[in-house]
There are 2 protein chains.
Amino acid sequence: MIDSKTISSWERFYRGNFINSLSGFKPVSLIGTKNNNGQSNLAIFSNIVHLGADPPLVGFVNRPLEAGGHTLANIETSRFYTINHIHSSFAEKAHQTSAKYDGGVSEFSKVGLHEQWVENFEAPFVAESKIKFGLSLQQIIPIPLNNTYFVIGKIEMVFVDETYLLPDGFIDMVKAESLCSSGIDAYHTVSYLDRFAYPKPNLPVKKIDNK
Amino acid sequence: MIDSKTISSWERFYRGNFINSLSGFKPVSLIGTKNNNGQSNLAIFSNIVHLGADPPLVGFVNRPLEAGGHTLANIETSRFYTINHIHSSFAEKAHQTSAKYDGGVSEFSKVGLHEQWVENFEAPFVAESKIKFGLSLQQIIPIPLNNTYFVIGKIEMVFVDETYLLPDGFIDMVKAESLCSSGIDAYHTVSYLDRFAYPKPNLPVKKIDNK
């Protein structure tokens, strides 16, 4: 057993790798925003969490402001942002968005991904992403415990190819080759184990045929 | 493009499958608690999110209280809980914890998983889990937007077999066969694509040898 005293005694990067792994595999995605001057911004986030389906809400954790990055400031100004799945075909480009570029450049052009704009929606989508959605800001909750921010958005529009949409509304992210991540810097492909029906007490688990 | 009007017009289960898929692959785990009478409780959660490494904080989203479940009430009383990774070997048992059992029974015994207790820590771990951690409650943030709760805990102790611990602190969850989930009911195995070094502007992404 490793106790909290031991963890806090560790060198910063070792502790970062360890604690970032613990919470499990993460839904890594690219968040697209634009600033006051229409300059686009693209940043990689893995601290994204489903909040509810009705209304459709998704949250993400933004790091302390002093850690840099323009995503939160842009969202506060424009009130809109996009979340774009990352696929095997552009994992390196997605990772490269976390390099510290100057404020005046767009990560889109620097890493070689393409902007996709929708009329009257104030944030860029990633053209290369096969599953992506646009959100309107609902609430920013400051978390004084570590100076992070929990940002909640409502899903306003979704782009998903019909190829990945099953008859019951489930999106086949394995077929779309969406990635997950772990730790700070690991990217993973994902395979099906099973889908299970809603369980009942004292009855065995039933598998769902995922077709 | 699917707009928010279309989404809100959908039948509840179709919408649930769709919106629950959108946020990406999820870090599915079992949360262990106990109530005032020492009765243990085990429930499956996928809305778990890394909040920061120093202090080591993890958050999860608890559904509205009227949706049932004893996890949040138990955490409010005992102030402690555990998060336990789910592996391929017991996915069905983990899924079965979400059946609506009466308050008087422990999901541990009902689904065939085993409690593991640590002296002076007021919540049960899952013996079968190869990566697990105990948390102390720090804050419960009510989210009036959909009556959910964002629960923040500090990692107080970690159990992880040395086999899964790499020299830089990274935990090899692929080797441990930890699962991720998608939608409401799908479970997935995970493989390595790559680890990448911290990126710098105008330099190509470097791979990390994950040994």
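Worth a mention:
- Output for segment A:22-35, where each listed residue is in contact with a helix residue (DSSP H, G or I) (Cβ under 9 Å, 6 or more places away or on another chain) and touching a residue at least 60 places away in the same chain (Cβ under 8 Å): A:LYS26, A:VAL28, A:LEU30, A:GLY32, A:THR33, A:LYS34
- Take the conditions (1) of a type in the set (A, V, I, L, M); (2) touching a strand residue (DSSP E or B) at 6+ places or on another chain (Cβ under 6 Å); (3) not in a strand (DSSP E or B); A:VAL118 misses just one of them, which is (2).
- Residue match in segment B:144-152 (condition: farther than 27 Å from A:LEU51 by Cα and modelled with pLDDT of 95 or more): no
- Residues of segment B:39-82 that are crowded, with 24+ Cβ neighbours inside 10 Å, under 20 Å from B:TYR187 (Cβ atoms) and touching an Asp or Glu at 6+ places or on another chain (Cβ under 8 Å): B:LEU42 alone.
- None of B:GLN96, B:GLN39, B:GLN116 is touching a helix residue (DSSP H, G or I) at 6+ places or on another chain (Cβ under 7 Å) and more than 30 Å from A:ALA67 (Cα to Cα) except B:GLN96.
- Of everything in segment A:173-189 that is without any contact (Cβ under 8 Å) to a residue 24 or more places away in the chain and buried (at least 17 other Cβ atoms within 10 Å of the Cβ), the residue that is nearest to the chain's Cα centre (by Cα) is A:ALA186.
- Residues that are in a loop (DSSP other than H, G, I, E, B), charged (D, E, K, R), more than 15 Å from the chain's Cα centre (by Cα) and modelled with pLDDT under 95 do not occur anywhere in segment A:68-85.
- With respect to (1) surrounded by fewer than 23 Cβ atoms within 10 Å (Cβ to Cβ); (2) in contact with a His (Cβ under 7 Å, 6 or more places away or on another chain), the lone exception for B:ASN36 is condition (2).
- Entirely in segment B:12-65, the strands (runs of 3 or more DSSP E) that have 3 or more residues that are facing chain A (nearest Cβ under 10 Å): B:48-53, B:56-62
- For segment B:86-110, a tally of residues being facing chain A (nearest Cβ under 9 Å) and in a helix (DSSP H, G or I) returns 7.
- Which numbered condition B:THR77 fails, given (1) within 8 Å of another protein chain (Cβ to nearest Cβ); (2) out of contact with any strand residue (DSSP E or B) (no Cβ under 8 Å at 6 or more places or on another chain): (1)
The values are calculated or read from the model by the stated rules, or taken from the named source; none is laboratory data. If you're wondering where the values come from, they're calculated on a predicted model, not measured in any experiment. So basically every Cβ, Gly included, is an ideal-geometry build from the backbone, and we count neighbours across all protein chains shown.
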